Amino acid sequence: LQEANEQYRRPLDREGIFPDDFIEREEAERAFSQLQDETGPSLLAMTGEAGIGKSFAVMQVARRCEEEGMLFFAFRADRVSDDVHTAGQLGEEFDLPGSPVSVLAGLSGEDERCVLIIDQLDAVSIASGRSTQLFNCIDQIVQEAAALPNLRILIGCREYDRQNDSRIRRLTQGGSIG
């Protein structure tokens, strides 16, 4: 799982999106607090216009999970192969022994909070995405996650795509941090 999370972080580090001397985003701290809250929503969507720093804030949440020892798996939908159609194939894409949800469930204790982070969900949008077929796979893992009370989901997505793709709008009906 650690290597899979490195696959998420490495390109962002290379692109200079996440420098060592970063400024904490309020949205990231608010999202992390809600993910920890037992009464908080099971799914949070971090949305906003293109280029405002959603991926930066999502990465900050991933770093906070790491710092706090909270089990998580993070990936960017725009970096997933077009050949991925199922949750199991998504796990294989990241060298996991099963779907990301089943791996998180297997590694976390019954009461241990874990987080699935899906960044760049707009890449699967009908409105402006490039890999629209991947949506079904993501929908499948979100449905799997709904059965696990200790698993929370954080999604990063452009607000335009959230508003203009009914599938994404339905998927992200939980909480929203803009």
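The values are calculated or read from the model by the stated rules, or taken from the named source; none is laboratory data. This is a predicted model, so every value here is computed, not measured. Using ideal geometry, Cβ is built from the backbone for each residue, glycine included, and neighbour counts are taken over all protein chains shown. Calculation scope for accessible area: heavy atoms of the full protein, side chains included, ligands and nucleic acids excluded. Shrake-Rupley method; radii C 1.70, N 1.55, O 1.52, S 1.80 Å.
Candidates in segment 29-46 are the residues that are of a type in the set (Gly, Ala, Ser) and in a helix (DSSP H, G or I); of these, the one that is farthest from TYR8 (Cα to Cα) is SER33.
Could you tell me which residue of segment 132-149 is modelled with the lowest pLDDT, considering only residues that are surrounded by fewer than 17 Cβ atoms within 10 Å (Cβ to Cβ) and of a type outside the set (Asp, Glu)?
Kept after step one, since they are surrounded by fewer than 17 Cβ atoms within 10 Å (Cβ to Cβ), are these residues of segment 132-149: 132-133, 136, 139, 143, 146-147, 149.
From what's left, of a type outside the set (Asp, Glu): 132-133, 136, 143, 146-147, 149.
Values: THR132: 77, GLN133: 82, ASN136: 92, GLN143: 91, ALA146: 88, ALA147: 89, PRO149: 91.
Checked segment 132-149; the qualifying residue modelled with the lowest pLDDT is THR132.
Looking only at residues of segment 162-177 that are open to solvent by 60 Å² or more (accessible area, probe 1.4 Å) and modelled with pLDDT under 90, we find that the one that is farthest from GLU29 (Cα to Cα) is GLN173.
Please determine whether any residue of segment 75-89 is open to solvent by 60 Å² or more (accessible area, probe 1.4 Å), within 17 Å of ALA4 (Cβ to Cβ) and within 13 Å of the chain's Cα centre (by Cα). Show your work before the answer.
We begin by selecting, within segment 75-89, every residue open to solvent by 60 Å² or more (accessible area, probe 1.4 Å); these are 79, 82-83, 85, 89.
Next, from what is left, pick out any that are within 17 Å of ALA4 (Cβ to Cβ): 79, 89.
From what's left, within 13 Å of the chain's Cα centre (by Cα): 79.
Yes: one or more hits.
Tallying residues that are closer than 20 Å to MET59 by Cα and of a type outside the set (D, E, K, R) within segment 142-166 yields 7.
Can you tell me which residue among LEU116, LEU107, LEU35 is over 14 Å from the mean Cα position of the chain (by Cα) and either open to solvent by less than 70 Å² (accessible area, probe 1.4 Å) or aliphatic (A, V, I, L, M) (or both)? LEU107 is the lone residue from the list that is over 14 Å from the mean Cα position of the chain (by Cα) and either open to solvent by less than 70 Å² (accessible area, probe 1.4 Å) or aliphatic (A, V, I, L, M) (or both). Residue pairs whose Cβ atoms lie under 6 Å apart, sitting 6 or more positions apart in sequence or on different chains, and linking a residue in segment 47-58 that is more than 18 Å from TYR8 (Cα to Cα) to a partner that is in a helix (DSSP H, G or I), are THR47/GLU159; THR47/ARG162; GLY48/LYS54; GLY48/GLU159. Just to verify a result, which residue in segment 47-68, among those that are open to solvent by 10 Å² or more (accessible area, probe 1.4 Å) and assigned to a helix (DSSP H, G or I), is nearest to LEU104 (Cα to Cα)? The extreme case among them is GLU66. If the condition is being at negative phi and out of contact with any Phe, Trp or Tyr (no Cβ under 9 Å at 6 or more places or on another chain), then segment 50-69 contributes ILE52, LYS54, ALA57, VAL58, GLU67. Across segment 95-104, the number of residues qualifying as buried (at least 20 other Cβ atoms within 10 Å of the Cβ) and either in contact with an Asp or Glu (Cβ under 8 Å, 6 or more places away or on another chain) or of a type in the set (Lys, Arg) (or both) comes to 2.
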